[in-house]
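To start, the structure itself, in C-alpha coordinates.
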2 protein chains.
Amino acid sequence: MQTLHIIKIGGNILDSPLKLESFLQDFATLPEPKLLIHGGGKIASTIGQKLGIEPNMVEGRRITDAETLKLVTMVYAGLVNKNVVAQLQSMNCNAIGLTGADANIIPATKRPVKQIDYGFVGDVAGPEAVNAPILDTFLKSGITPVCAPLTHDGQGSLLNTNADTIASVLATAMAHLYQVKLIYCFEKKGVLQDAEDDDSVIPAIDSAYYRELKEKGIVTLGMIPKLDNAFAALDLGVQAVVIGDAAEIKAIVAGEDAGTLIKL
Amino acid sequence: MQTLHIIKIGGNILDSPLKLESFLQDFATLPEPKLLIHGGGKIASTIGQKLGIEPNMVEGRRITDAETLKLVTMVYAGLVNKNVVAQLQSMNCNAIGLTGADANIIPATKRPVKQIDYGFVGDVAGPEAVNAPILDTFLKSGITPVCAPLTHDGQGSLLNTNADTIASVLATAMAHLYQVKLIYCFEKKGVLQDAEDDDSVIPAIDSAYYRELKEKGIVTLGMIPKLDNAFAALDLGVQAVVIGDAAEIKAIVAGEDAGTLIKL
(Lines give C-alpha, C1' and ligand atoms only; values in the text may rest on other atoms or scores of the structure.)
Protein backbone atom coordinates (compact mmCIF):
# COMPACT_ATOMS: atom_id res chain seq x y z
CA MET A 1 0.00 0.00 0.00
CA GLN A 2 1.05 3.55 -0.69
CA THR A 3 2.01 5.80 2.22
CA LEU A 4 -0.34 8.67 3.09
CA HIS A 5 0.88 11.43 5.39
CA ILE A 6 -1.85 13.07 7.47
CA ILE A 7 -0.52 16.17 9.17
CA LYS A 8 -2.26 18.31 11.77
CA ILE A 9 -1.05 21.82 12.52
CA GLY A 10 -2.10 23.77 15.57
CA GLY A 11 -2.77 27.36 16.47
CA ASN A 12 0.83 28.35 17.16
CA ILE A 13 1.66 28.03 13.46
CA LEU A 14 -1.56 29.62 12.22
CA ASP A 15 -1.02 32.63 14.46
CA SER A 16 2.34 33.43 12.87
CA PRO A 17 2.18 34.27 9.13
CA LEU A 18 5.94 33.66 8.82
CA LYS A 19 5.84 30.26 10.57
CA LEU A 20 2.80 29.31 8.52
CA GLU A 21 4.41 30.24 5.21
CA SER A 22 7.58 28.38 6.11
CA PHE A 23 5.58 25.30 7.11
CA LEU A 24 3.48 25.41 3.94
CA GLN A 25 6.65 25.69 1.82
CA ASP A 26 7.89 22.48 3.47
CA PHE A 27 4.49 20.79 3.28
CA ALA A 28 4.18 21.57 -0.44
CA THR A 29 7.42 19.68 -1.14
CA LEU A 30 6.41 16.54 0.78
CA PRO A 31 5.64 13.53 -1.39
CA GLU A 32 2.00 12.99 -2.31
CA PRO A 33 -0.48 11.72 -1.27
CA LYS A 34 -0.88 13.92 1.78
CA LEU A 35 -3.62 15.61 3.76
CA LEU A 36 -3.53 18.63 6.06
CA ILE A 37 -5.76 19.39 9.05
CA HIS A 38 -5.63 22.77 10.71
CA GLY A 39 -6.96 23.98 14.02
CA GLY A 40 -8.22 27.42 14.84
CA GLY A 41 -5.68 29.66 16.45
CA LYS A 42 -6.17 32.95 18.22
CA ILE A 43 -7.57 34.71 15.20
CA ALA A 44 -11.09 33.46 15.99
CA SER A 45 -10.90 35.03 19.45
CA THR A 46 -9.56 38.29 18.01
CA ILE A 47 -12.32 38.55 15.42
CA GLY A 48 -14.90 37.33 17.93
CA GLN A 49 -13.97 40.17 20.28
CA LYS A 50 -14.44 42.72 17.49
CA LEU A 51 -17.84 41.18 16.70
CA GLY A 52 -18.79 41.25 20.37
CA ILE A 53 -18.88 37.44 20.61
CA GLU A 54 -17.46 36.65 24.01
CA PRO A 55 -16.07 33.18 24.72
CA ASN A 56 -18.91 31.29 26.41
CA MET A 57 -17.50 29.17 29.23
CA VAL A 58 -19.51 26.80 31.44
CA GLU A 59 -17.64 25.08 34.28
CA GLY A 60 -14.34 25.85 32.59
CA ARG A 61 -15.45 24.31 29.27
CA ARG A 62 -15.75 26.30 26.08
CA ILE A 63 -19.29 26.27 24.66
CA THR A 64 -20.08 26.65 20.97
CA ASP A 65 -23.26 28.70 20.98
CA ALA A 66 -24.94 29.78 17.72
CA GLU A 67 -22.89 32.98 17.43
CA THR A 68 -19.63 31.14 18.12
CA LEU A 69 -20.52 28.57 15.47
CA LYS A 70 -20.94 31.40 12.93
CA LEU A 71 -17.60 32.84 14.04
CA VAL A 72 -15.64 29.59 13.69
CA THR A 73 -17.33 28.86 10.37
CA MET A 74 -16.14 32.24 9.07
CA VAL A 75 -12.66 31.97 10.50
CA TYR A 76 -11.81 28.26 10.23
CA ALA A 77 -13.64 27.36 6.98
CA GLY A 78 -13.27 30.81 5.39
CA LEU A 79 -10.33 32.94 6.39
CA VAL A 80 -7.84 30.31 7.59
CA ASN A 81 -8.75 27.45 5.27
CA LYS A 82 -8.95 29.41 2.02
CA ASN A 83 -5.77 31.37 2.68
CA VAL A 84 -3.90 28.12 3.34
CA VAL A 85 -5.33 26.71 0.10
CA ALA A 86 -4.38 29.82 -1.92
CA GLN A 87 -0.86 29.76 -0.48
CA LEU A 88 -0.43 26.06 -1.26
CA GLN A 89 -1.65 26.68 -4.82
CA SER A 90 1.13 29.25 -5.22
CA MET A 91 3.60 26.54 -4.12
CA ASN A 92 2.47 24.03 -6.75
CA CYS A 93 0.44 22.01 -4.29
CA ASN A 94 -3.07 21.44 -5.67
CA ALA A 95 -4.96 21.90 -2.41
CA ILE A 96 -8.71 21.76 -1.81
CA GLY A 97 -10.24 23.18 1.35
CA LEU A 98 -12.87 21.08 3.07
CA THR A 99 -15.07 20.96 6.12
CA GLY A 100 -16.72 17.73 7.18
CA ALA A 101 -19.89 18.91 5.40
CA ASP A 102 -18.17 19.14 2.01
CA ALA A 103 -18.83 15.99 0.02
CA ASN A 104 -20.20 14.67 3.32
CA ILE A 105 -16.65 13.78 4.33
CA ILE A 106 -17.20 13.75 8.10
CA PRO A 107 -20.77 13.32 9.33
CA ALA A 108 -21.09 13.76 13.09
CA THR A 109 -23.68 14.05 15.81
CA LYS A 110 -24.27 17.01 18.08
CA ARG A 111 -22.82 16.12 21.46
CA PRO A 112 -25.66 15.00 23.75
CA VAL A 113 -26.44 17.30 26.66
CA LYS A 114 -25.42 15.71 29.97
CA GLN A 115 -24.01 17.84 32.79
CA ILE A 116 -22.88 20.44 30.25
CA ASP A 117 -24.52 21.56 27.01
CA TYR A 118 -21.51 22.08 24.76
CA GLY A 119 -23.72 23.58 22.07
CA PHE A 120 -22.86 23.03 18.42
CA VAL A 121 -20.04 20.56 19.01
CA GLY A 122 -19.77 17.47 16.86
CA ASP A 123 -18.73 13.98 17.91
CA VAL A 124 -17.67 11.65 15.11
CA ALA A 125 -19.06 8.14 15.52
CA GLY A 126 -15.81 6.58 14.30
CA PRO A 127 -13.69 6.00 11.22
CA GLU A 128 -16.51 4.10 9.51
CA ALA A 129 -18.50 7.36 9.43
CA VAL A 130 -15.86 9.05 7.26
CA ASN A 131 -16.42 9.20 3.51
CA ALA A 132 -13.02 7.63 2.72
CA PRO A 133 -13.75 6.80 -0.95
CA ILE A 134 -14.23 10.43 -1.97
CA LEU A 135 -11.06 11.47 -0.13
CA ASP A 136 -9.33 8.68 -2.04
CA THR A 137 -10.75 10.07 -5.31
CA PHE A 138 -9.27 13.48 -4.48
CA LEU A 139 -5.88 12.00 -3.57
CA LYS A 140 -5.80 9.87 -6.72
CA SER A 141 -6.60 13.02 -8.76
CA GLY A 142 -3.46 14.65 -7.32
CA ILE A 143 -5.47 16.87 -4.99
CA THR A 144 -4.37 17.57 -1.41
CA PRO A 145 -7.26 17.98 1.03
CA VAL A 146 -6.92 20.74 3.62
CA CYS A 147 -9.47 20.14 6.38
CA ALA A 148 -10.96 22.72 8.74
CA PRO A 149 -12.11 21.53 12.19
CA LEU A 150 -15.83 21.48 11.40
CA THR A 151 -18.20 18.58 10.84
CA HIS A 152 -21.97 18.53 10.22
CA ASP A 153 -25.00 16.80 11.66
CA GLY A 154 -26.69 15.80 8.40
CA GLN A 155 -29.64 17.97 9.39
CA GLY A 156 -28.32 21.23 8.05
CA SER A 157 -26.05 22.35 10.86
CA LEU A 158 -22.29 22.60 10.95
CA LEU A 159 -20.60 21.47 14.15
CA ASN A 160 -17.38 22.58 15.82
CA THR A 161 -15.05 19.59 16.20
CA ASN A 162 -11.63 19.20 17.78
CA ALA A 163 -8.94 19.19 15.08
CA ASP A 164 -6.88 16.46 16.82
CA THR A 165 -9.95 14.23 16.78
CA ILE A 166 -10.56 14.95 13.10
CA ALA A 167 -6.93 14.07 12.35
CA SER A 168 -7.14 10.73 14.14
CA VAL A 169 -10.53 9.79 12.71
CA LEU A 170 -9.38 10.62 9.16
CA ALA A 171 -6.15 8.65 9.72
CA THR A 172 -8.01 5.57 10.91
CA ALA A 173 -10.59 5.86 8.13
CA MET A 174 -7.86 5.96 5.46
CA ALA A 175 -5.83 3.15 7.08
CA HIS A 176 -7.52 0.43 5.04
CA LEU A 177 -6.57 2.21 1.79
CA TYR A 178 -3.09 3.51 2.65
CA GLN A 179 -0.20 3.01 5.05
CA VAL A 180 -1.07 6.06 7.11
CA LYS A 181 1.48 8.14 8.98
CA LEU A 182 -0.25 10.60 11.29
CA ILE A 183 1.79 13.60 12.40
CA TYR A 184 0.65 16.03 15.08
CA CYS A 185 2.58 19.30 14.88
CA PHE A 186 2.52 21.49 17.94
CA GLU A 187 4.61 24.15 19.68
CA LYS A 188 7.28 21.76 21.06
CA LYS A 189 9.83 19.51 19.35
CA GLY A 190 8.10 16.42 20.71
CA VAL A 191 6.89 14.93 23.98
CA LEU A 192 9.31 16.26 26.57
CA GLN A 193 10.92 14.37 29.45
CA ASP A 194 11.28 17.69 31.24
CA ALA A 195 8.62 20.30 30.43
CA GLU A 196 11.17 23.04 31.14
CA ASP A 197 13.76 21.68 28.71
CA ASP A 198 12.77 21.95 25.05
CA ASP A 199 15.58 19.62 24.05
CA SER A 200 14.50 16.73 26.31
CA VAL A 201 12.45 15.16 23.53
CA ILE A 202 11.51 11.53 24.15
CA PRO A 203 12.36 9.80 20.83
CA ALA A 204 9.74 7.06 21.12
CA ILE A 205 6.88 6.01 23.38
CA ASP A 206 5.20 2.61 23.34
CA SER A 207 2.13 1.72 25.37
CA ALA A 208 4.10 0.31 28.32
CA TYR A 209 6.32 3.38 28.48
CA TYR A 210 3.23 5.61 28.17
CA ARG A 211 1.73 4.00 31.28
CA GLU A 212 5.03 4.63 33.08
CA LEU A 213 5.17 8.26 31.96
CA LYS A 214 1.61 8.83 33.14
CA GLU A 215 2.31 7.18 36.51
CA LYS A 216 5.38 9.35 37.01
CA GLY A 217 3.40 12.44 36.05
CA ILE A 218 5.82 13.21 33.19
CA VAL A 219 3.16 13.59 30.52
CA THR A 220 1.04 16.58 31.37
CA LEU A 221 -2.71 17.01 31.17
CA GLY A 222 -2.53 18.73 27.78
CA MET A 223 -0.55 15.84 26.25
CA ILE A 224 -2.75 13.00 27.51
CA PRO A 225 -5.64 13.49 25.03
CA LYS A 226 -3.10 13.79 22.18
CA LEU A 227 -1.35 10.56 23.23
CA ASP A 228 -4.65 8.75 23.86
CA ASN A 229 -5.73 9.79 20.35
CA ALA A 230 -2.42 8.54 18.98
CA PHE A 231 -2.67 5.11 20.62
CA ALA A 232 -6.32 4.81 19.57
CA ALA A 233 -5.29 5.50 15.98
CA LEU A 234 -2.53 2.87 16.14
CA ASP A 235 -4.99 0.35 17.60
CA LEU A 236 -7.20 0.98 14.56
CA GLY A 237 -4.51 0.34 11.95
CA VAL A 238 -2.62 3.61 11.54
CA GLN A 239 0.99 2.65 10.86
CA ALA A 240 2.79 5.38 12.79
CA VAL A 241 2.06 8.50 14.79
CA VAL A 242 4.61 11.24 15.41
CA ILE A 243 4.22 14.25 17.67
CA GLY A 244 6.63 17.04 16.82
CA ASP A 245 7.42 20.53 15.64
CA ALA A 246 6.00 21.87 12.37
CA ALA A 247 9.42 23.38 11.67
CA GLU A 248 10.79 19.82 11.51
CA ILE A 249 8.10 18.36 9.26
CA LYS A 250 10.53 17.42 6.47
CA ALA A 251 12.77 15.50 8.89
CA ILE A 252 9.76 13.81 10.50
CA VAL A 253 8.36 12.67 7.15
CA ALA A 254 11.83 11.53 6.04
CA GLY A 255 11.92 9.34 9.17
CA GLU A 256 14.91 11.20 10.56
CA ASP A 257 15.52 11.74 14.24
CA ALA A 258 12.83 14.34 14.94
CA GLY A 259 9.72 14.42 17.09
CA THR A 260 8.37 11.63 19.29
CA LEU A 261 7.36 8.42 17.57
CA ILE A 262 4.32 6.78 19.15
CA LYS A 263 4.12 3.03 18.66
CA LEU A 264 2.12 0.19 20.16
CA MET B 1 -24.01 15.05 -24.29
CA GLN B 2 -25.55 15.14 -20.84
CA THR B 3 -27.27 18.33 -19.66
CA LEU B 4 -25.57 20.29 -16.87
CA HIS B 5 -27.52 22.99 -15.06
CA ILE B 6 -25.42 25.86 -13.75
CA ILE B 7 -27.46 28.07 -11.45
CA LYS B 8 -26.47 31.38 -9.94
CA ILE B 9 -28.35 32.82 -6.96
CA GLY B 10 -28.04 36.39 -5.83
CA GLY B 11 -28.12 38.29 -2.59
CA ASN B 12 -31.90 38.59 -2.31
CA ILE B 13 -32.17 34.84 -1.67
CA LEU B 14 -29.13 34.63 0.61
CA ASP B 15 -30.47 37.45 2.77
CA SER B 16 -33.68 35.57 3.54
CA PRO B 17 -33.19 32.26 5.40
CA LEU B 18 -36.72 31.16 4.43
CA LYS B 19 -36.29 31.95 0.74
CA LEU B 20 -32.88 30.28 0.79
CA GLU B 21 -34.17 27.11 2.41
CA SER B 22 -37.06 26.92 -0.02
CA PHE B 23 -34.72 27.43 -2.99
CA LEU B 24 -32.27 24.80 -1.71
CA GLN B 25 -35.14 22.32 -1.26
CA ASP B 26 -36.01 22.83 -4.93
CA PHE B 27 -32.38 22.81 -6.04
CA ALA B 28 -31.73 19.53 -4.21
CA THR B 29 -34.50 17.80 -6.22
CA LEU B 30 -33.21 18.99 -9.62
CA PRO B 31 -31.66 16.28 -11.76
CA GLU B 32 -27.88 15.88 -11.55
CA PRO B 33 -25.40 16.98 -12.73
CA LYS B 34 -25.78 20.53 -11.46
CA LEU B 35 -23.64 23.31 -10.06
CA LEU B 36 -24.55 26.26 -7.84
CA ILE B 37 -22.89 29.68 -7.68
CA HIS B 38 -23.81 32.11 -4.95
CA GLY B 39 -23.15 35.80 -4.57
CA GLY B 40 -22.60 37.71 -1.39
CA GLY B 41 -25.68 39.36 -0.02
CA LYS B 42 -26.00 41.97 2.64
CA ILE B 43 -24.52 39.80 5.37
CA ALA B 44 -20.98 40.84 4.40
CA SER B 45 -21.90 44.50 4.89
CA THR B 46 -23.57 43.76 8.22
CA ILE B 47 -20.58 41.83 9.55
CA GLY B 48 -18.19 44.37 8.02
CA GLN B 49 -19.88 47.18 9.93
CA LYS B 50 -19.50 45.26 13.20
CA LEU B 51 -15.80 44.70 12.41
CA GLY B 52 -15.36 48.38 11.55
CA ILE B 53 -14.66 47.61 7.89
CA GLU B 54 -16.36 50.39 5.98
CA PRO B 55 -17.22 49.92 2.30
CA ASN B 56 -14.35 51.52 0.39
CA MET B 57 -15.74 53.38 -2.62
CA VAL B 58 -13.68 55.22 -5.23
CA GLU B 59 -15.57 57.13 -7.94
CA GLY B 60 -18.69 55.13 -7.15
CA ARG B 61 -16.90 51.80 -7.51
CA ARG B 62 -16.53 49.34 -4.67
CA ILE B 63 -12.88 48.61 -3.83
CA THR B 64 -11.68 45.35 -2.32
CA ASP B 65 -8.94 46.43 0.05
CA ALA B 66 -7.04 43.91 2.21
CA GLU B 67 -9.56 44.11 5.06
CA THR B 68 -12.53 43.75 2.70
CA LEU B 69 -10.86 40.69 1.12
CA LYS B 70 -10.61 39.09 4.58
CA LEU B 71 -14.26 39.96 5.21
CA VAL B 72 -15.58 38.45 1.97
CA THR B 73 -13.36 35.38 2.44
CA MET B 74 -14.94 34.84 5.85
CA VAL B 75 -18.48 35.52 4.75
CA TYR B 76 -18.64 34.13 1.19
CA ALA B 77 -16.28 31.15 1.51
CA GLY B 78 -17.02 30.46 5.17
CA LEU B 79 -20.39 31.46 6.54
CA VAL B 80 -22.52 31.50 3.38
CA ASN B 81 -20.85 28.70 1.42
CA LYS B 82 -20.56 26.17 4.23
CA ASN B 83 -24.10 26.74 5.50
CA VAL B 84 -25.45 26.21 1.99
CA VAL B 85 -23.39 23.00 1.76
CA ALA B 86 -24.58 21.74 5.16
CA GLN B 87 -28.20 22.48 4.22
CA LEU B 88 -27.89 20.71 0.88
CA GLN B 89 -26.34 17.70 2.64
CA SER B 90 -29.45 17.51 4.84
CA MET B 91 -31.54 17.43 1.63
CA ASN B 92 -29.66 14.45 0.15
CA CYS B 93 -27.65 16.61 -2.22
CA ASN B 94 -23.96 15.76 -1.90
CA ALA B 95 -22.60 19.30 -2.15
CA ILE B 96 -19.00 20.48 -1.97
CA GLY B 97 -18.15 24.11 -1.32
CA LEU B 98 -15.45 25.65 -3.47
CA THR B 99 -13.68 28.91 -4.16
CA GLY B 100 -11.63 29.36 -7.32
CA ALA B 101 -8.51 28.52 -5.29
CA ASP B 102 -9.81 25.07 -4.32
CA ALA B 103 -8.36 22.45 -6.66
CA ASN B 104 -7.23 25.49 -8.68
CA ILE B 105 -10.67 25.61 -10.27
CA ILE B 106 -10.62 29.27 -11.29
CA PRO B 107 -7.21 30.93 -11.59
CA ALA B 108 -7.46 34.67 -12.19
CA THR B 109 -5.32 37.78 -12.36
CA LYS B 110 -5.57 40.81 -10.12
CA ARG B 111 -7.27 43.54 -12.10
CA PRO B 112 -4.60 45.91 -13.45
CA VAL B 113 -4.63 49.41 -11.99
CA LYS B 114 -5.79 51.96 -14.57
CA GLN B 115 -7.90 54.94 -13.54
CA ILE B 116 -9.11 53.03 -10.50
CA ASP B 117 -7.28 50.53 -8.30
CA TYR B 118 -9.99 48.00 -7.56
CA GLY B 119 -7.74 46.24 -5.07
CA PHE B 120 -8.03 42.47 -4.66
CA VAL B 121 -10.43 41.88 -7.54
CA GLY B 122 -9.88 39.00 -9.92
CA ASP B 123 -10.43 38.91 -13.67
CA VAL B 124 -10.71 35.45 -15.21
CA ALA B 125 -8.81 35.17 -18.49
CA GLY B 126 -11.55 33.06 -20.06
CA PRO B 127 -13.14 29.63 -20.02
CA GLU B 128 -9.83 27.98 -20.96
CA ALA B 129 -8.43 29.10 -17.57
CA VAL B 130 -11.02 27.02 -15.70
CA ASN B 131 -10.00 23.60 -14.42
CA ALA B 132 -12.96 21.85 -16.11
CA PRO B 133 -11.62 18.26 -15.78
CA ILE B 134 -11.65 18.34 -11.98
CA LEU B 135 -15.17 19.81 -11.92
CA ASP B 136 -16.13 16.97 -14.26
CA THR B 137 -14.54 14.48 -11.82
CA PHE B 138 -16.69 15.89 -9.02
CA LEU B 139 -19.87 15.79 -11.12
CA LYS B 140 -19.17 12.22 -12.25
CA SER B 141 -18.66 11.25 -8.59
CA GLY B 142 -22.19 12.51 -7.83
CA ILE B 143 -20.91 15.64 -6.13
CA THR B 144 -22.57 19.02 -6.63
CA PRO B 145 -20.13 21.96 -6.57
CA VAL B 146 -21.28 25.08 -4.70
CA CYS B 147 -19.05 27.99 -5.74
CA ALA B 148 -18.34 31.15 -3.77
CA PRO B 149 -17.45 34.30 -5.72
CA LEU B 150 -13.70 34.19 -5.06
CA THR B 151 -10.82 33.29 -7.35
CA HIS B 152 -7.05 33.34 -6.74
CA ASP B 153 -3.97 34.76 -8.40
CA GLY B 154 -1.72 31.70 -8.20
CA GLN B 155 0.65 33.72 -6.04
CA GLY B 156 -1.02 33.08 -2.72
CA SER B 157 -3.79 35.64 -2.76
CA LEU B 158 -7.52 35.16 -3.03
CA LEU B 159 -9.39 37.62 -5.24
CA ASN B 160 -12.95 38.94 -5.06
CA THR B 161 -14.76 38.13 -8.32
CA ASN B 162 -18.23 38.94 -9.57
CA ALA B 163 -20.52 35.91 -9.17
CA ASP B 164 -22.30 36.50 -12.52
CA THR B 165 -18.92 36.42 -14.23
CA ILE B 166 -17.95 33.21 -12.44
CA ALA B 167 -21.24 31.64 -13.52
CA SER B 168 -20.72 32.50 -17.18
CA VAL B 169 -17.07 31.47 -17.23
CA LEU B 170 -17.87 28.13 -15.59
CA ALA B 171 -20.74 27.60 -18.02
CA THR B 172 -18.57 28.25 -21.06
CA ALA B 173 -15.74 26.13 -19.65
CA MET B 174 -18.07 23.16 -19.15
CA ALA B 175 -19.77 23.61 -22.54
CA HIS B 176 -17.40 21.23 -24.33
CA LEU B 177 -18.21 18.46 -21.84
CA TYR B 178 -21.94 19.02 -21.31
CA GLN B 179 -25.00 20.67 -22.83
CA VAL B 180 -24.94 23.56 -20.38
CA LYS B 181 -28.03 25.46 -19.28
CA LEU B 182 -27.06 28.59 -17.38
CA ILE B 183 -29.71 30.06 -15.11
CA TYR B 184 -29.35 33.43 -13.42
CA CYS B 185 -31.78 33.75 -10.51
CA PHE B 186 -32.50 37.26 -9.28
CA GLU B 187 -35.21 39.23 -7.53
CA LYS B 188 -37.60 39.46 -10.51
CA LYS B 189 -39.50 36.82 -12.48
CA GLY B 190 -37.43 37.61 -15.57
CA VAL B 191 -36.45 40.54 -17.77
CA LEU B 192 -39.41 42.93 -17.55
CA GLN B 193 -41.05 44.88 -20.38
CA ASP B 194 -42.19 47.38 -17.77
CA ALA B 195 -39.91 47.74 -14.73
CA GLU B 196 -42.97 48.68 -12.64
CA ASP B 197 -44.94 45.58 -13.59
CA ASP B 198 -43.54 42.34 -12.17
CA ASP B 199 -45.77 40.31 -14.46
CA SER B 200 -44.52 41.90 -17.70
CA VAL B 201 -41.87 39.19 -18.15
CA ILE B 202 -40.42 39.01 -21.66
CA PRO B 203 -40.51 35.26 -22.47
CA ALA B 204 -37.53 35.29 -24.82
CA ILE B 205 -34.84 37.65 -26.08
CA ASP B 206 -32.63 37.02 -29.09
CA SER B 207 -29.74 39.26 -30.12
CA ALA B 208 -31.82 41.35 -32.56
CA TYR B 209 -34.53 41.90 -29.98
CA TYR B 210 -31.85 42.73 -27.37
CA ARG B 211 -30.55 45.54 -29.60
CA GLU B 212 -34.11 46.82 -29.93
CA LEU B 213 -34.71 46.69 -26.16
CA LYS B 214 -31.48 48.57 -25.51
CA GLU B 215 -32.33 51.21 -28.13
CA LYS B 216 -35.78 51.72 -26.60
CA GLY B 217 -34.22 51.95 -23.13
CA ILE B 218 -36.35 49.04 -21.91
CA VAL B 219 -33.45 47.05 -20.41
CA THR B 220 -32.01 49.00 -17.55
CA LEU B 221 -28.40 49.57 -16.60
CA GLY B 222 -28.40 46.76 -14.04
CA MET B 223 -29.63 44.21 -16.59
CA ILE B 224 -27.16 45.05 -19.36
CA PRO B 225 -24.07 43.32 -17.84
CA LYS B 226 -26.25 40.26 -17.08
CA LEU B 227 -27.55 40.12 -20.66
CA ASP B 228 -24.10 40.82 -22.13
CA ASN B 229 -22.75 37.93 -20.02
CA ALA B 230 -25.60 35.74 -21.25
CA PHE B 231 -24.98 36.44 -24.95
CA ALA B 232 -21.22 36.01 -24.46
CA ALA B 233 -21.88 32.59 -22.92
CA LEU B 234 -24.16 31.59 -25.81
CA ASP B 235 -21.51 32.73 -28.31
CA LEU B 236 -19.06 30.40 -26.57
CA GLY B 237 -21.22 27.29 -26.76
CA VAL B 238 -23.59 27.42 -23.79
CA GLN B 239 -26.86 25.90 -24.98
CA ALA B 240 -29.33 28.13 -23.16
CA VAL B 241 -29.41 30.96 -20.67
CA VAL B 242 -32.46 31.82 -18.57
CA ILE B 243 -32.87 34.82 -16.29
CA GLY B 244 -35.60 34.31 -13.72
CA ASP B 245 -36.81 33.97 -10.18
CA ALA B 246 -35.22 31.45 -7.79
CA ALA B 247 -38.74 30.58 -6.59
CA GLU B 248 -39.46 29.28 -10.11
CA ILE B 249 -36.27 27.23 -10.51
CA LYS B 250 -38.14 23.93 -10.92
CA ALA B 251 -40.30 25.34 -13.72
CA ILE B 252 -37.29 26.94 -15.40
CA VAL B 253 -35.30 23.70 -15.34
CA ALA B 254 -38.33 21.76 -16.56
CA GLY B 255 -38.47 24.15 -19.55
CA GLU B 256 -41.89 25.42 -18.55
CA ASP B 257 -43.05 28.96 -19.17
CA ALA B 258 -40.97 30.77 -16.55
CA GLY B 259 -38.21 33.37 -16.69
CA THR B 260 -36.71 34.97 -19.77
CA LEU B 261 -34.96 32.66 -22.23
CA ILE B 262 -31.92 34.28 -23.83
CA LYS B 263 -31.04 32.89 -27.24
CA LEU B 264 -28.79 33.90 -30.12
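Which chymotrypsin sites (Phe, Trp or Tyr not before Pro) in segment A:183-257 pass both tests, a DSSP loop state and at most 12 other beta-carbon atoms within 10 Å? Kindly include the intermediate steps, with their values, before the conclusion.
On the way: sites: A:Tyr184, A:Phe186, A:Tyr209, A:Tyr210, A:Phe231; in loops: none.
Sparse-neighbourhood loop chymotrypsin sites (Phe, Trp or Tyr not before Pro): none present.
In whole Hz and in residue order, list the ³J(HN,Hα) couplings for segment A:149-161 that follow from phi through the Karplus curve 6.51 cos²θ - 1.76 cosθ + 1.60, θ = phi - 60°; x for Gly and Pro.
x, 9, 10, 8, 9, x, 10, x, 10, 6, 9, 6, 9
Evaluate peptide B:146-157: per residue, the Cβ atoms of other protein chains within 10 Å of its Cβ; return the mean as an integer. Walk me through the numbers before you get to the answer.
Details: counts 1, 0, 2, 0, 3, 1, 7, 3, 4, 4, 9, 5.
Averaged over the peptide's residues, the number is 3.
Of the beta bridges DSSP finds with both residues in chain B, what % are antiparallel, to the nearest 5? Spell out each step's value before the answer.
Numbers: 12 of 41 bridges.
Around 30 percent of the beta bridges assigned by DSSP in chain B are antiparallel ones.
Check B:Leu4: other-chain or 5+ apart residues with amide H under 5 Å from its amide H, H built from backbone geometry?
B:Gln179, B:Val180, B:Lys181
For B:Asp194, place a label point 7 Å out from Cα along the Cα→Cβ vector, do the same in each other copy, and report the separations in nm, one decimal, smallest first.
8.9
Hey, can you find the accessible area per residue of chain B for me, probe 1.4 Å, expressed in square angstrom? All intermediate terms of the calculation are to be shown ahead of the outcome.
Numbers: 10880 Å² over 264 residues.
Per-residue value: 41 Å².
Just for segment A:1-81, what percent of DSSP beta bridges are antiparallel, to the closest 5? It would help to have the intermediate numbers written out before the result.
Details: 3 of 8 bridges.
Counting DSSP beta bridges with both partners in segment A:1-81, the antiparallel share is about 40 percent.
What is the percent carbon and sulfur in the accessible area of the protein assembly as shown, measuring with a 1.4 Å probe over the protein chains and ignoring ligands? Mind showing how you got there, number by number?
Values: 10760 of 21740 Å².
Result for the protein assembly as shown: 49 percent of the exposed heavy-atom area is carbon or sulfur.
Restricting to bridges with both residues inside the protein assembly as shown, how much of the DSSP beta-bridge set is antiparallel, in percent to the nearest 5?
Details: 24 of 82 bridges.
Beta bridges within the protein assembly as shown, antiparallel portion: roughly 30 percent.
At a cut-off of 10 Å², which residues of segment B:44-58 become less accessible once all protein chains are present than in their chain alone, using a 1.4 Å probe?
For segment B:44-58, once contacts with the other chains are taken into account, B:Ile47, B:Lys50, B:Leu51 lose 10 Å² or more.
Which of B:Ile183, B:Ile243, B:Ile105 moves the most in a Gaussian network model of chain B with Cα springs under 10 Å?
Judging by the Gaussian network model, the answer is B:Ile105.
Could you tell me the total accessible area buried at the B-A interface, probe 1.4 Å, in square angstrom to the nearest hundred? Mind dumping the intermediate values first?
Numbers: alone 12290 and 12270 Å², together 21740 Å².
Heavy-atom accessible area buried at this interface is about 2800 Å².
Mind listing the label-point distances from A:Gly142 to the same position on all other copies, shortest first, one decimal in nm, points 7 Å along Cα→Cβ?
2.7
Could you give the distance between the Cα centres of segment B:71-127 and segment A:104-172, to the whole Å?
Here the answer is 23 Å between Cα centres.
For chain A, what is the calculated [θ] at 222 nm in deg cm²/dmol (nearest 500), taking -39500 (n - 2.57) for each run of four or more DSSP H residues and dividing by its residue count?
On the way: 10 runs with 90 residues, N = 264.
Estimated from H runs of four or more residues: -9500 deg cm²/dmol.
Between copies, how close do the A:His176 label points come, placed 7 Å along Cα→Cβ, listed in nm from shortest?
Relative to the other copies, A:His176 has label-point distances of 4.0 nm.
Which chain A residue sits with its beta carbon nearest the axis carrying A onto B, and how many Å away is it, rounded to a whole number?
A:Gly78, 1
The values are calculated or read from the model by the stated rules, or taken from the named source; none is laboratory data. Since the model is a prediction, treat every value here as computed from it, not as a measurement. Don't worry about glycine lacking a Cβ; one is built from the backbone with ideal geometry, like all the others, and counts go over all protein chains shown. Remember, those area values only see protein heavy atoms, side chains included, never the ligands or the DNA or RNA. Shrake-Rupley method; radii C 1.70, N 1.55, O 1.52, S 1.80 Å.
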